[in-house]
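Notes follow the structure.
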Amino acid sequence: MNKLKLLLSGIFFLASLCSYAQNKPVIQKNFKYGKIDPAEFGTKVTGIDSAAAAVALFDVGKGWFELSPKTNGFVYVFERHTRYKIINKNGYDLANLEIQFYRKNGYETSLDYMEAATYNMENGKMVVSKINKEAKFSEKQDKNFTMKKFTLPNVKEGAIIEYKYRIKSDFTFTLSPWYFQKEIPVLYSCLQIRIPEYYTYKTTGGGFVHLNPSYEAQNQTFTLGGDQLSATVNQTTYIAENVPALKTERFITTLKDYVSKVEFELSATRFPGAMYEEHTSTWPKIVKVLKGDENFGKFTDKRSYNKTLVQQLIKGETNPDSIVKILFKHVKSNIKWDDECSKYANVSNPKAVFEKKSGNSADINLSLYCLLNEANIKVFPVLLSTRSNGMHPGFPMLTQFDNVIVAVQTGDKYQLLDATDKNHTPGLISYDNLNHEGLKVDLASETGEWISLEEDKLSRKNITYSLVLDAENKLSGKLFLSFTNYEGLGRRDNYQAAANQEEYLKKYKEDKPGLSVKNYQVTNLDLVEEPLAESMDVLIEDNVEEAGNLVYLSPLLFDRTKENPFKLEERKFPVDFGYPTEENYRISIEFPTGYQLDKMPKNERIVLPDETASFTFITATEENKLLLSSKITLKKAFYTPEEYQDLKELFKNIVRKQAEQIVFKKI
């Protein structure tokens with residue numbers, strides 16, 4: 001992935017916003033809580049969103065700073081006012097609101113106030129149902145986070161629901177992000193944010209909706225007790241109207257990468273009487289922050305336990321590749337991942353992680369980093385944003401990272417290590433980490449450098465049937481399966497997650513009607529660097545149709561691509577598979593005496609213009625034996641929107657070809 005290309009497209013996007021704002025100014029609207037226009041009950045959605053379950057009539061956010069007597073400093077205040085029209089039952093979930101609150105070291109985010117109500121038209125009169133105390137409750141998620149939940153009453157089809165709440169936060173490093181787009185259409189969305197001159201924030205945007213930003217500098221007096229402070233406040237207003245619903249599409253990282261939004265992270269401060277202070281304005285500044293963090297740099301400085309453990313494990317081994325494998329295997333085999341991704345360790349030293357035998361991704365991978373570093377391996381932590389978290393914008397923003405892995409450097413090449421799964425191998429990191437680029441962190445020199453996280457090797461799935469068709473139109477014989485790289489990783493994880501082999505096979509057969517399995521064997525389950533192989537005896541019934549003297553068979557059986565995953569006429573998002581793949585399907589069918597081949601699919605090969613994807617379909621006969629192979633190859637993981645039409649056409653042909661039947665004639 002070309003990071004420069006992403007940055008340039010982002011700059012173009014921001015430039016287009018400004019241009020649009022100049023040409024088509026949008027007037028800011030004001031809404032009063034509880035003042036419902038009866039016409040709002042008649043709001044309907046047309047066009048591409050005509051099937052929407054609800055519509056956001058408006059969503060307005062306001063953010064500003066106040067001086068707090070508790071902290072004797074600035075706090076951030078955020079107010080949101082939103083109103084929805086419920087169209088059908090699928091929109092009822094909008095009546096459930098969740099807000100997360102954070103507390104640490106005496107500082108906190110808190111709910112200042114909340115108003116919420118449901119409005120229904122009954123016999124020509126509007127009936128108001130206010131939220132009651134019983135519909136508000138809190139759930140403590142861990143020592144720092146609490147989730148407050150609210151549920152509105154009397155929600156029906158045609159109802160209007162409304163929320164208005166205010167949050168105060170002692171934390172000003174990041175400000176509340178604003179999403180202009182939702183999974184339902186939005187008629188009007190506005191964010192107005194007022195930032196005192198003492199703060200400089202980096203702002204990131206995204207998506208394809210024009211936000212019409214406007215800027216204004218104002219004077220404001222802040223009061224704390226009897227003291228007053230006059231300052232310039234920079235006000236920015238973003239407005240979007242008639243925003244279409246965000247549609248879920250297959251083969252993307254996360255919709256958060258494409259939703260229209262604005263996010264903020266503190267870059268620098270300059271308070272009265274104090275020096276200008278940069279916080280995260282450059283990568284060296286960010287690395288310095290990490291180096292001094294108790295749960296990152298200081299975690300890796302705790303060396304006494306590491307030194308003893310490394311000596312015990314490598315036992316005089318001097319080959320660097322062998323040392324890496326020994327230490328990697330020890331970590332992934334002895335620390336169980338708790339399914340939490342984090343760039344920060346939960347504890348203060350690697351010894352505590354090994355004693356606990358479990359931890360988050362940073363506990364595990366930073367412990368691995370410590371051992372490799374102690375063994376004099378050239379190794380670095382690598383910060384990344386997972387696929388589920390979204391693409392990092394590319395410029396210095398610490399909060400956009402949510403995970404850390406390890407990179408071993410040999411010459412100018414890097415070998416990536418992720419010890420959160422015992423089935424990972426050197427170079428094979430979790431699928432969620434395959435988000436194109438990561439930041440290599442050099443704690444010694446306090447520098448950072450982007451490196452590729454791309455997977456170049458094909459992950460292969462091989463399916464081979466050797467079958468006999470009998471006179472009762474039953475198929476019997478052998479099935480051989482093999483899987484490499486990410487296909488093998490997924491298969492191993494599924495097998496080991498099952499309660500037993502019987503449960504695993506039951507799940508395997510769920511979508512394969514008529515399949516019976518005997519004598520199942522699995523090979524290389526624990527030899528994770530080898531292809532995972534499975535074999536079994538199979539009996540397949542009810543998959544052959546007979547009409548008169550003709551017998552019809554769909555030769556791809558259970559592995560046919562039944563529908564095109566790409567249905568949109570136009571796609572604005574890239575297609576991101578995560579890793580390159582190849583699916584090989586081979587089948588040989590020995591048919592009985594008295595059966596004659598009447599019709600066979602013709603051979604066909606389709607290749608994308610740049611040869612990055614292809615489909616090959618070949619059939620042949622040999623006396624009373626039919627041979628068929630189907631191969632789908634995707635040589636790269638990432639296809640641009642410009643390549644979408646070619647990819648869509650390729651899969652259209654795959655669906656068509658794999659649906660073709662073999663016809664036998666009884667003689």
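The values are calculated or read from the model by the stated rules, or taken from the named source; none is laboratory data. Remember, predicted model here, so these are calculated numbers, not experimental data. Positions of Cβ are generated from backbone atoms using ideal geometry, with glycine treated the same way; all protein chains shown enter the neighbour counts. In case anyone asks, the SASA skips ligands and DNA or RNA and just uses the protein heavy atoms, side chains included. Shrake-Rupley method; radii C 1.70, N 1.55, O 1.52, S 1.80 Å.
Yes/no matrix, rows are residues, columns are (1) open to solvent by less than 80 Å² (accessible area, probe 1.4 Å); (2) part of a strand (DSSP E or B); (3) basic (Lys, Arg); (4) in contact with a strand residue (DSSP E or B) (Cβ under 7 Å, 6 or more places away or on another chain):
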residue	(1), (2), (3), (4)
Met275	no, no, no, no
Thr280	yes, no, no, yes
His330	yes, no, no, no
Ala352	yes, no, no, no
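Within region 488-504, can one find any residue that is crowded, with 17+ Cβ neighbours inside 10 Å and in a strand (DSSP E or B)?
Checking region 488-504: not a single residue is crowded, with 17+ Cβ neighbours inside 10 Å and in a strand (DSSP E or B).
Given the options Asn120, Asn132, name the one that is open to solvent by 60 Å² or more (accessible area, probe 1.4 Å) and of a type in the set (S, T, N, Q). Quick ask: steps written out before the conclusion?
Details: Asn120 fails: open to solvent by 60 Å² or more (accessible area, probe 1.4 Å).
It is Asn132.
Just the residues that are open to solvent by 30 Å² or more (accessible area, probe 1.4 Å) and either under 12 Å from Lys474 (Cα atoms) or not basic (Lys, Arg) (or both), please, taken from region 518-527.
Initially, region 518-527 is screened for residues open to solvent by 30 Å² or more (accessible area, probe 1.4 Å), giving 518-519, 521-527.
Matches in region 518-527: Asn519, Gln521, Val522, Thr523, Asn524, Leu525, Asp526, Leu527.
Please work out which residue is most open to solvent (accessible area, probe 1.4 Å), limiting yourself to region 625-667 and to residues that are assigned to a helix (DSSP H, G or I) and aliphatic (A, V, I, L, M).
Val655
Leu557 fails exactly one of the following numbered conditions: (1) hydrophobic (A, V, I, L, M, F, W, C); (2) on the phi < 0 side of the Ramachandran plot; (3) over 29 Å from the mean Cα position of the chain (by Cα). What is the number of that condition?
Of (1) hydrophobic (A, V, I, L, M, F, W, C); (2) on the phi < 0 side of the Ramachandran plot; (3) over 29 Å from the mean Cα position of the chain (by Cα), only one is false for Leu557: (2).
Residue-wise test of (1) acidic (Asp, Glu); (2) over 23 Å from Glu590 (Cβ atoms).
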residue: Phe615; (1), (2): no, yes
residue: Ala620; (1), (2): no, no
residue: Glu623; (1), (2): yes, no
residue: Ser629; (1), (2): no, no
residue: Lys635; (1), (2): no, yes
residue: Phe638; (1), (2): no, yes
residue: Glu642; (1), (2): yes, yes
residue: Gln645; (1), (2): no, yes
residue: Lys666; (1), (2): no, no
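Quick grid of which residues meet (1) open to solvent by less than 60 Å² (accessible area, probe 1.4 Å); (2) under 30 Å from Glu157 (Cβ atoms); (3) touching a Lys or Arg at 6+ places or on another chain (Cβ under 7 Å):
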| site | (1), (2), (3) |
| --- | --- |
| His81 | yes, yes, yes |
| Lys85 | yes, yes, no |
| Asn90 | no, yes, no |
| Ala95 | yes, yes, no |
| Gln100 | no, yes, no |
| Glu115 | no, yes, yes |
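Would you confirm, using the coordinates I've provided, whether Tyr188 is touching a strand residue (DSSP E or B) at 6+ places or on another chain (Cβ under 9 Å), assigned to a strand (DSSP E or B) and closer than 19 Å to Ala245 by Cα? Even if it seems obvious, please write down each step before you answer.
Values: touching a strand residue (DSSP E or B) at 6+ places or on another chain (Cβ under 9 Å): yes; assigned to a strand (DSSP E or B): yes; closer than 19 Å to Ala245 by Cα: yes.
For Tyr188, the condition - touching a strand residue (DSSP E or B) at 6+ places or on another chain (Cβ under 9 Å), assigned to a strand (DSSP E or B) and closer than 19 Å to Ala245 by Cα - is met.
Count, please, the residues in region 454-474 that happen to be open to solvent by less than 60 Å² (accessible area, probe 1.4 Å) and more than 27 Å from Ala533 (Cα to Cα).
2
Hey, does region 405-421 have a residue that's touching a helix residue (DSSP H, G or I) at 6+ places or on another chain (Cβ under 6 Å) and of a type in the set (S, T, N, Q)?
yes
Run Glu534 past the list (1) more than 17 Å from Gly477 (Cα to Cα); (2) touching a strand residue (DSSP E or B) at 6+ places or on another chain (Cβ under 7 Å); (3) of a type in the set (D, E, K, R) and report the number of the one that doesn't hold.
It fails just one condition, (1).
Among the residues of region 388-414, which ones are assigned to a loop (DSSP other than H, G, I, E, B) and at pLDDT 95 or above?
Residues of region 388-414 assigned to a loop (DSSP other than H, G, I, E, B): 388-402, 411-412.
Correct list: Phe401, Asp402.
Residues of region 299-311 being among the basic types (Lys, Arg) and either open to solvent by less than 70 Å² (accessible area, probe 1.4 Å) or out of contact with any Lys or Arg (no Cβ under 8 Å at 6 or more places or on another chain) (or both), which ones?
Start the filter on region 299-311 by keeping residues that are among the basic types (Lys, Arg), which leaves 302-303, 307.
Listed by number, the residues that qualify are Arg303, Lys307.
What is the residue count in region 597-624 for residues that are part of a strand (DSSP E or B), at pLDDT below 95 and crowded, with 16+ Cβ neighbours inside 10 Å?
0
List every residue pair whose Cβ atoms lie under 7 Å apart, where the two residues are 6 or more positions apart in sequence or sit on different chains, the first residue falls within region 19-46 and is outside any helix (DSSP H, G or I), and the second residue, located anywhere, is of a type in the set (S, T, N, Q) and at pLDDT 90 or above.
So the pair list comes out as Gln28/Thr237.
With the checklist (1) within 15 Å of Phe664 (Cβ to Cβ); (2) touching a Ser or Thr at 6+ places or on another chain (Cβ under 8 Å); (3) among the hydrophobic types (A, V, I, L, M, F, W, C) in hand, flag the one item Phe591 doesn't pass.
(2)
Mind checking which residues of region 332-350 are of a type in the set (Lys, Arg) and either buried (at least 19 other Cβ atoms within 10 Å of the Cβ) or at pLDDT below 95 (or both)?
Of everything in region 332-350, those that are of a type in the set (Lys, Arg) and either buried (at least 19 other Cβ atoms within 10 Å of the Cβ) or at pLDDT below 95 (or both) turn out to be Lys332, Lys343.
Quick one: in region 529-587, of everything that is part of a loop (DSSP other than H, G, I, E, B) and of a type in the set (Phe, Trp, Tyr), which residue is surrounded by the fewest Cβ atoms within 10 Å (Cβ to Cβ)? Working first, answer last.
Pass one, region 529-587, residues part of a loop (DSSP other than H, G, I, E, B): 529-531, 541-543, 548-549, 554-574, 577-580.
Those left that are additionally of a type in the set (Phe, Trp, Tyr): 558, 566, 573, 577, 579.
On the way: Phe558: 16, Phe566: 18, Phe573: 19, Phe577: 18, Tyr579: 22.
Looking at residues that are part of a loop (DSSP other than H, G, I, E, B) and of a type in the set (Phe, Trp, Tyr), I get Phe558.
For region 426-460, enumerate the residues that are assigned to a loop (DSSP other than H, G, I, E, B), in contact (Cβ under 8 Å) with a residue 40 or more places away in the chain and farther than 21 Å from Asn360 by Cβ.
Correct list: Pro426, His436, Glu446, Glu454, Glu455, Asp456, Lys457, Leu458.
Exactly one condition in (1) outside any helix (DSSP H, G or I); (2) open to solvent by less than 60 Å² (accessible area, probe 1.4 Å); (3) of a type in the set (S, T, N, Q); (4) out of contact with any Asp or Glu (no Cβ under 9 Å at 6 or more places or on another chain) is false for Ser367; which is it?
For Ser367, the failing item is (1).
Working only within region 380-433, note down all residues that are hydrophobic (A, V, I, L, M, F, W, C), touching a Phe, Trp or Tyr at 6+ places or on another chain (Cβ under 6 Å) and farther than 24 Å from Gln496 by Cα.
Leu383, Val406, Ala407, listed by residue number.
May I ask you to list the residues in region 243-258 that are open to solvent by less than 30 Å² (accessible area, probe 1.4 Å), over 12 Å from the mean Cα position of the chain (by Cα) and at pLDDT below 90?
Within region 243-258, Leu246 is the sole residue that qualifies.
hydroxyl-bearing (Ser, Thr, Tyr) and farther than 30 Å from Thr223 by Cα: does that describe Thr118?
So Thr118 fits the description; yes.
State all residues of region 403-425 that are closer than 30 Å to Glu278 by Cβ and surrounded by fewer than 19 Cβ atoms within 10 Å (Cβ to Cβ); if no residue qualifies, say none.
Initially, region 403-425 is screened for residues closer than 30 Å to Glu278 by Cβ, giving 403-407, 409, 414.
Within region 403-425, just Gln409 meets the criteria.
Pull up region 150-170, narrow it to residues that are among the basic types (Lys, Arg) and closer than 19 Å to Val55 by Cβ, then point me to the one that is least open to solvent (accessible area, probe 1.4 Å).
Applying the filter and picking the extreme gives Lys164.
Got a sec? Which of Leu398, Leu428, Leu383 is in contact with a Gly (Cβ under 8 Å, 6 or more places away or on another chain) and crowded, with 19+ Cβ neighbours inside 10 Å? Can you show your working first?
Values: Leu398 fails: in contact with a Gly (Cβ under 8 Å, 6 or more places away or on another chain); Leu428 fails: in contact with a Gly (Cβ under 8 Å, 6 or more places away or on another chain).
Just one listed residue meets the conditions, Leu383.
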